[in-house]
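Below: one structure, written as structure tokens.
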Amino acid sequence: MVIEQIGNIIEKRKQKVEDLKNLNINLFPNDFIVSHTVQDIRSAIKDSEDIITENEPVFVVAGRMMAINRFGKTSFIRLRDRTGQLQAYVRKDRIGDESYDIFKQLDIGDFVGLSGGMFKTKTGEWTLLVNKIKLISKAIRPLPEKFHGLKDPEKRYRKRYLDLIMNSDVREIFIKRSQIIHAIRTFFLDRDFLEVETPMMQPIPGGAEAAPFKTYHNALGIDLFLRIAPELYLKRLVVGGFEKVFEINRNFRNEGVSTQHNPEFTMLEFYQAYATYEDMMDLTKDMFSQVARVVTGSTSITYQGSPIDLEGEWKRMTLKSALEEIGGIEQSLLNDREGLLNFASSNGIKITKAGRLGKVITKLFDVLVEPKLIQPTFITRYPVEVSPLSRKNEKDPTMTDRFELFIAGREIANGFSELNDPADQRERFLEQVARLEEGDEEAHRMDDDYIEALEYGMPPTAGEGIGIDRLVMLLTDSPSIREVILFPHMKPKVE
RNA sequence: GGGCCGUUAGCUCAACUAGGCAGAGCACCUGACUCUUAAUCAGUAGGUUGAAGGUUCGAUUCCUUCACGGCCCA
């Protein structure tokens, strides 16, 4: 049905295709040799403006025609390649009658190769004066409208290629995303970290509280799970002697989609032997300011209207003091599970699946404190029962040496000194397994192989995970995770 | 999962309040035009209004259900 609606334009384009074929024109040739990008041409002009003429040097460039202004025997083209946009001027008396007749059959959206010299139009714009024009690839479907572009978010996400063709700000976001990941990689490699890749398919999904995707391996006859985190594998590598490792890769969590969540998302995790969670906080701040400087040129950014300073002091406060000072909960209540639940219900805060004290505390934190942490803030000392992989604090064994980083009201990193005592780890897993058996599909599973690895000895280590998509959102001022993931998950549309 | 909003030409949007021949701009097609850049001028064409049902003489408009999406909440 949709095909019938668009059919009219497509039918006309297909008729053109037939006409061009009858003239022995190859619509999809593969022998055009490109010798310049648009950027190359601009640089050449900048370097030697005075010796450029409309006859030489001759530039050969290729790209998509984004606009054509036709005037009878002459036309202006706007040509786009990956480096930018360039105007070209096509004259019948320069390219010849036959060639111009073919050019008249071409459409906006077609790829062409051009060669010619550069001149200035009377409005002063450097323009390629075309000697030769060749069709390189034919577009059968019309591009969206040139002025308003493509706005419908559903169509932008489903047909991202159109979004990228039409919306330059979208192109910029994904270029920045690449630069951000590059800058992170450089940061760690410069500090003697080893980049590794660990399994995406795991027999026991571990390292986070999340529901996994399940799949099946035919030849082995076993269930496998798409990983929810790489953590337990990276720590096995620390056992193996790789004292500083990092991985940037995809995690998969079987949960809903929203402006903050995509079922697959990119995670940075890193581990450093002989370091503590406090070292990780220092490292994180260094990394964020370096990445921001490389990518945006500044450590002062704006996210959705809020100015954020990545260079200033990053406040550190414990979870409980944050609840007291920012959340407005009396200190005496903080160890009183029932009291906190009463406080919640009398303040209109719904707590489902309340669980133990630590769970209640973190849920209250999510509602009362998290949205208020706009400037970078480390929250430290998380309860043991919500931190099954973290080392217990030496002075207060109900708490762990763990932190989360919040910026712009969102959790963006989670790190801790690692639990390397295998007996303690086994006990923590057993508690989690009990919850799993109670039906909490997000609880951790027993991983005997991991405990065995710890039994061979893991040096004291600290590690951290940072959600790359959220970091990219922050540095590109994007309100939705779908703006920073090229192909976000969408329900298939029935047509 | 809940609430609100949206889905009309290839694209961006009108028409819906109060039911009465579904429109515009750009794109497309035809013609004119050798410095335009949202080119201009003249003309043509383009629609099962997201899907199914209901009310009605008559539904893009009102009602029900469904699909997909957006925002907010959980």
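The values are calculated or read from the model by the stated rules, or taken from the named source; none is laboratory data. In this text the structure is predicted, and so the values were computed from the model without any measurement. Counting neighbours? That spans all protein chains shown, and the Cβs are built from the backbone with ideal geometry, glycine included. Ligands, DNA and RNA are excluded from the accessible area calculation, which covers all protein heavy atoms including side chains. Shrake-Rupley method; radii C 1.70, N 1.55, O 1.52, S 1.80 Å.
Label separation (A:Lys155 vs A:Lys493): 0.8 nm, computed from points 7 Å beyond Cα along the C-beta direction. Where the accessible area of region A:2-143 is counted over protein heavy atoms with a 1.4 Å probe, how much of it, in %, is carbon and sulfur? C and S atoms contribute 49 percent here.
What separates the Cα centres of region A:124-138 and region A:278-354 is a distance of 55 Å.
Against the criterion of solvent-accessible heavy-atom surface with a 1.4 angstrom probe, A:Phe76, A:Phe111 sort, most first, into A:Phe111, A:Phe76.
Past the 30 Å Cα-Cα mark, which pairs from A:Lys14/A:Lys134; A:Lys46/A:Lys155; A:Lys155/A:Lys359; A:Lys21/A:Lys151; A:Lys363/A:Lys392; A:Lys120/A:Lys151? In this structure, A:Lys46/A:Lys155; A:Lys155/A:Lys359; A:Lys21/A:Lys151; A:Lys120/A:Lys151 lie more than 30 Å apart at Cα. Of A:Asp448, A:Asp81, the residue with the largest accessible area leads and the full order is A:Asp448, A:Asp81 (1.4 Å probe).
Its Cα gyration tensor gives chain A an equivalent ellipsoid. The semi-axes, each the square root of 5 times an eigenvalue, are 56, 25, 23 Å from largest down.
Between A:Lys21 and A:Met200, the contour length at 0.36 nm per residue exceeds the alpha carbon distance by 59.6 nm. Going 7 Å from the Cα of A:Leu430 toward and past its Cβ, which residues in region A:447-461 have a backbone nitrogen under 17 Å from where you end up? Taking a point 7 Å out along Cα→Cβ of A:Leu430, the residues of region A:447-461 whose backbone N falls under 17 Å are A:447-452, A:455.
Here A:Lys214 is the anchor, and the aspartates and glutamates within straight C-alpha reach of less than 15 Å, apart from those fewer than 8 places off in the same chain, are A:Asp223, A:Glu255, A:Glu264, A:Glu441, A:Glu442. Ranked from largest to smallest solvent-accessible area, with a 1.4 Å probe on the protein heavy atoms, A:Glu411, A:Glu330 come out as A:Glu330, A:Glu411. The stretch between A:Asp396 and A:Glu209, if pulled fully straight at 0.36 nm per residue, gains 65.0 nm over its current Cα-Cα span.
On full extension, the segment bounded by A:Asn69 and A:Arg337 gains 89.3 nm, given 0.36 nm per residue less the C-alpha separation. Modelled this way, with points 7 Å down the Cα-to-C-beta line, the labels at A:Asn254 and A:Asn218 are 2.2 nm from one another. Averaged over residues, the count of other Cβ atoms within 10 Å places the peptides A:389-399, A:145-155, A:480-490 in the sequence A:480-490, A:389-399, A:145-155, highest first.
Sparse packing (at most 14 other Cβ atoms within 10 Å of the Cβ) combined with a DSSP loop state is found for the following trypsin sites (Lys or Arg not before Pro) in region A:38-107: A:Lys73, A:Arg82.
About the Cα centre, and with charges only on the beta carbon of Lys, Arg (+1) and Asp, Glu (-1), how big is the dipole of region A:2-143? Nearest 20 debye, please.
That gives a dipole near 400 debye.
Each other residue within a Cβ distance under 10 Å of A:Ile165 adds +1 if Lys or Arg and -1 if Asp or Glu, for a net charge of +4.
Between A:Ile108 and A:Asp440, what is the FRET efficiency for a Förster distance of 45 Å, r being their Cβ-Cβ separation, to the nearest 0.05?
Result of the calculation: an efficiency of 0.20.
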